[in-house]
Amino acid sequence: MIRYIARRLLMLIPVLIGISIITFVMIRLIPGDPARIMAGERATEEQVQRVREMWGLDKPLHEQYIIYMKNLARGNLGRSLKRNEAVTQELRWALPTTIELAFAAMFVAILIGIPAGIIAAYKQNSWWDLLVMVGSMVGISMPVFWLGLLLIYVFALKLGWMPPSGRLSVGIKITPITGMYTVDALITGNWRGFVDALKHLIMPAVAVGTIPMAVIARMTRSSLLEVLRQDYIRTARAKGLAERAVIFRHALKNAFLPVVTIIGLQLGTLLVGAILTETIFALPGMGRLIVDRILSRDYPVVQGAVLVFAATFVFINLIVDISYAYLDPRIRYD
Amino acid sequence: MTTTQLDISSVSTELPPHVGYLADAWRRLKRNKLAVTGMVILGIFLVMAIFADTYVFVAPRTLFQVDTSQTGANPIAFVKQWHALTKKEARPLLAPYDPSKAYLRLRKAPPSREHPLGMDEVGRDMLSRIIFGARVSLQVGVLSVIGAILVGTLIGAISGYLGGWVDNIVMRLMDIVLAFPSLLLALAIVTILGPGLINMLYAIAIVSIPTYARLVRASVLAEKESDYVLAARAVGAGHVRILFRQIMPNALTPIIVQGTLGIGTAILDAAALGFLGLGAQPPTPEWGTMLSRAQQVFFSAPHIGIFPGLAIMLTVLGFNLLGDGLRDALDPRLRM
C-alpha cells in the first residue's frame, strides 16, 4: 500500500509541472506585453516596470519560468488588479466556498442516485425503472445553469421556500475559520448560522449534483443487474432467501465498486458545475472568481485561480485513487 | 405402436440471407425505442438548422457571384465571401420572422398567437431565434467534434503505433490536459484567444482531443500485434497503409459512439461558455448566449429563459439517446 501511494505521488510530479507550465504560458500567450497585462491597463509606466522586474519578464522564457516557480514555492501568485491584494488572499475564501458546494452536491447525488439505481434494478423493466432511466437521461442532458435558474424561479420566487442566492441571510454572522460556512457554524456551535448556511446551500447543491446523480443512478442499476446474474446470487435465491436479503446482503457489496469508481470520476463534473452555478447563485467561489476576472481582464487572478483549481482537482483525484486501492487490493498491483 | 415421423419437408436448408455489419447495426438501432426517439428529436432540430432561412437554396447561385479578383486563390477568403453573400440574400423560411429584427413595443411579450414562444428582452421573436440557434449550436457541436476527432485520431494512431518514448511523452501530455476539468481548460483557452464564437469552437475542440487520442491509441495497441497485421506486414505493406487501412477501421466504432455523445457535450459546453459571456456574442442567436441575456429578466419574463434551455436540453438529449443506441447497435459487447 505504501509503495502504491509513493508511486502515485511520483506520478503526480509531471502532472503538476504540466499544470504550472500551462498557467505560466497562458499569460504569455495573450497578445500584448505580458508586463502590461499583469500590471493592468491603467498601470503607470513605473508600475509596469516593477512587475517586469519582479517576474523577470525581460529575461528569456526558461528563466522566467524558474522565477515563476520560485515565486510559486513562496506562495506568491502575484497581485490582483481589481482589489490590489495578493492573489492568494482572494483565493483563500473562494476555494473553501467551492469545495463546500462540491461536497454538498456529491452528498445530494449519492443520497438520491444510489437508492434510485437500486430501485430501478430491483424492479427492472417496471415503470420505476423507466422513470429512473429516462429521468437520468434528461438529467445528464440538462444545462446546469438553466436548472439553477429554474430552481430559483420555482422554489425561491414562486414558493418562497428557499433563499434565492448568496451564502447567508442578512443579519446572520458566522466566524470564518475554514471558510466552509456550514462547518464553521458547527465548530463554533452557531446553530442558527448553520441552518441558514445550509438553506443557502441546498439549491446550488441540487443544481450541481443533478448530473452526477443521474450518472450514479445509471451505474448503480447496471452494476447491480450485472451482479444479480452471477451464480452465487442464484445460490442465495435457491436456498430460499428473501429477494430483499439477496440484494442488500449479497449483491450490493459487490455492485458498489464500479459505483465508487464512477463517483470519483464525477469530481470534474462537480467542479465544472460549480463554475456555472456559482455565477447564478452569487456564491463567491473559484468558478465565479475565474469568470469574473476573465471578463474584467484581471489576469493574475485568473492565472492563480486556474492553477489552484486544477491542482485541487488533481489532489482530490489522487485521494480517490488511493481509496480505491484500499477498497480493492487488486488495483495496487497494476 | 405408432411412430411420429418428423416432417422435414418444410425445414429450409438454405442459410439465412447474409446481412452486412452496417445493415445489421441499423436493424438493431431501429428496434431501440430510445435511440429512435433521439433520432426524431435530432431530425427536427436538423431540419430547423438547415431550413431556418433560404440559405441552402441561395448558396448555389451566390457561388458564382463571389468576386475571385478580390479573394484570389485563398480558399478561406473565398468561403467567407460566399457565406457573407449567401447570408445577405437569404430570407427567413421556417423561422416566421427575422431573428435580429426587434419590435420595441413587444419587448418581453409573453407567448401569443403571432409569436408562439413570445418575444425576448429587446423585442425579437423567440421562436425565430431558437430556430436559428439550432444552426449555431449544431455547427459548433459537429465542427468541434470533427476537429477533435481528426487531430485526436492522428495523435493517438501515431502514438500507439510507434510506441516507446514517443507514446510515453504524448500520453503524459494528454494526461496533463485531462488533469484540467474540461470547462476550466476551455475557459483558460478563451482567456488567451479572447471571447467569441470561433475561439469558443477552438477551445471546445482542443479540450476534447485527448479523449479521442486515448480511444484510438487503445484500439491501435490492441490490434498492432494481431496476426492479420503481421500478415499485411509480411506481404510488404507500408506503415501508413497498415495503420490506416488495416488497424484504423477497428477504431471506427468507438469513435462514432464517442463522437455522437461528444457532440452533445460540446453543445452543452458551448452553451455554458455563451452563458458566461465568453462564447458567441450577442446578437448571435446562440442558445447559451440567449440564456445569459435572459438571466436579468428571467423572473419577470420566464419564457425568455425557459425556451432556449429547453432547446439545449432536447438537442443534447437527442445526441445522448442516439449515442447510447449506437453503442448497443454497433458493438453489443460494450452494452452496459
Answer yes or no: is there a residue in region B:153-163 that is surrounded by fewer than 20 Cβ atoms within 10 Å (Cβ to Cβ), touching a Phe, Trp or Tyr at 6+ places or on another chain (Cβ under 9 Å) and away from chain A (no Cβ under 14 Å).
no
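Which fully enclosed helices (runs of 4 or more DSSP H) of region A:125-187 have 3 or more residues being closer than 30 Å to A:Arg221 by Cα and away from every other protein chain (no Cβ under 13 Å)?
A:127-141
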Of the residues A:Arg218, A:Arg288, which is open to solvent by 30 Å² or more (accessible area, probe 1.4 Å), part of a helix (DSSP H, G or I), touching an Asp or Glu at 6+ places or on another chain (Cβ under 6 Å) and touching a residue at least 12 places away in the same chain (Cβ under 8 Å)?
A:Arg288
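Within region A:299-314, identify whether any single residue is more than 13 Å from every other protein chain (Cβ to nearest Cβ), of a type in the set (A, V, I, L, M), in a helix (DSSP H, G or I) and open to solvent by 10 Å² or more (accessible area, probe 1.4 Å), and answer yes or no.
no
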For residues that are more than 14 Å from chain B (Cβ to nearest Cβ) and loosely packed, with under 12 Cβ neighbours inside 10 Å, scanning just region A:4-52, find the one that is nearest to A:Tyr299 (Cα to Cα).
A:Glu41
Which condition from (1) open to solvent by 20 Å² or more (accessible area, probe 1.4 Å); (2) more than 15 Å from the chain's Cα centre (by Cα); (3) modelled with pLDDT of 85 or more is the one that B:Gly309 breaks?
(1)
May I ask you to verify whether A:Val246 is within 14 Å of chain B (Cβ to nearest Cβ), open to solvent by less than 20 Å² (accessible area, probe 1.4 Å) and on the phi < 0 side of the Ramachandran plot?
no
Residues that are open to solvent by less than 50 Å² (accessible area, probe 1.4 Å) and at pLDDT 90 or above: does region B:223-230 have at least one?
no
Checked B:Gly279, B:Gly288 against criteria (assigned to a helix (DSSP H, G or I) and surrounded by 21 or more Cβ atoms within 10 Å (Cβ to Cβ)); the one match is B:Gly288
For region B:186-220 the number of residues that are of a type in the set (D, E, K, R) and on the phi > 0 side of the Ramachandran plot is 0
Taking B:Val142 and the conditions (1) touching a His at 6+ places or on another chain (Cβ under 9 Å); (2) among the hydrophobic types (A, V, I, L, M, F, W, C); (3) under 24 Å from B:Leu215 (Cβ atoms), which numbered condition does it fall short on, given that it satisfies the others?
(1)
Criterion: over 28 Å from A:Ile247 (Cβ atoms) and not in a helix (DSSP H, G or I) - qualifying residue of A:Leu81, A:Leu101, A:Leu91, A:Leu72:
A:Leu81
Check on B:Ala301, touching a Pro at 6+ places or on another chain (Cβ under 8 Å) and either open to solvent by 20 Å² or more (accessible area, probe 1.4 Å) or within 12 Å of chain A (Cβ to nearest Cβ) (or both)
yes
Of the residues A:Arg288, A:Arg221, which single one is farther than 24 Å from B:Phe180 by Cβ and within 11 Å of chain B (Cβ to nearest Cβ)?
A:Arg221
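Please find, among B:Leu184, B:Leu193, B:Leu230, B:Leu173, the residue that is without any contact (Cβ under 8 Å) to a residue 24 or more places away in the chain and out of contact with any helix residue (DSSP H, G or I) (no Cβ under 9 Å at 6 or more places or on another chain).
Just one listed residue meets the conditions, B:Leu230.
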Filter result for B:Ile204 (more than 11 Å from every other protein chain (Cβ to nearest Cβ), touching an Asp or Glu at 6+ places or on another chain (Cβ under 7 Å) and surrounded by 23 or more Cβ atoms within 10 Å (Cβ to Cβ))
yes
Quick one: is B:Thr315 polar (S, T, N, Q) and open to solvent by less than 20 Å² (accessible area, probe 1.4 Å)?
yes
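I need the full set of residues from region B:259-295 which are of a type in the set (S, T, N, Q) and either over 25 Å from B:Ser219 (Cβ atoms) or more than 11 Å from chain A (Cβ to nearest Cβ) (or both), in order please. Break it down into steps so the answer makes sense when it comes.
Going residue by residue through region B:259-295, those that are of a type in the set (S, T, N, Q) are B:260, B:265, B:281, B:284, B:289, B:292, B:295.
Result: B:Thr260, B:Gln281, B:Thr284, B:Thr289, B:Ser292, B:Gln295.
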Contact list please: Cβ distance under 7 Å, first residue in region A:138-160 and without any contact (Cβ under 8 Å) to a residue 40 or more places away in the chain, second residue open to solvent by 40 Å² or more (accessible area, probe 1.4 Å), pairs at least six apart or on different chains.
A:Tyr153/B:Phe299; A:Leu157/A:Pro164; A:Leu157/B:Phe299
Only listed residue being surrounded by fewer than 14 Cβ atoms within 10 Å (Cβ to Cβ) and among the hydroxyl-bearing types (Ser, Thr, Tyr), chosen from A:Ser80, A:Ser126
A:Ser126
Show the residue pairs meeting these rules: Cβ distance below 9 Å; 6+ apart or different chains; first residue within region B:38-53 and within 15 Å of B:Ser128 (Cβ to Cβ); second residue of a type in the set (S, T, N, Q) and open to solvent by 70 Å² or more (accessible area, probe 1.4 Å).
B:Ala49/B:Gln139
Scanning region A:324-334 for residues that are in contact (Cβ under 8 Å) with a residue 40 or more places away in the chain and of a type in the set (Ser, Thr, Tyr), which turns out surrounded by the fewest Cβ atoms within 10 Å (Cβ to Cβ)?
A:Tyr326
Return a yes/no flag: does region B:247-258 have any residue that is within 14 Å of chain A (Cβ to nearest Cβ) and under 16 Å from the mean Cα position of the chain (by Cα).
no
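The values are calculated or read from the model by the stated rules, or taken from the named source; none is laboratory data. Model, not experiment: these values are computed from the prediction. Cβ sites come from the backbone with ideal geometry, for glycine too, and all protein chains shown count toward neighbours. We work out accessible area using only protein heavy atoms, side chains counted, and drop any ligands, DNA or RNA first. Shrake-Rupley method; radii C 1.70, N 1.55, O 1.52, S 1.80 Å.
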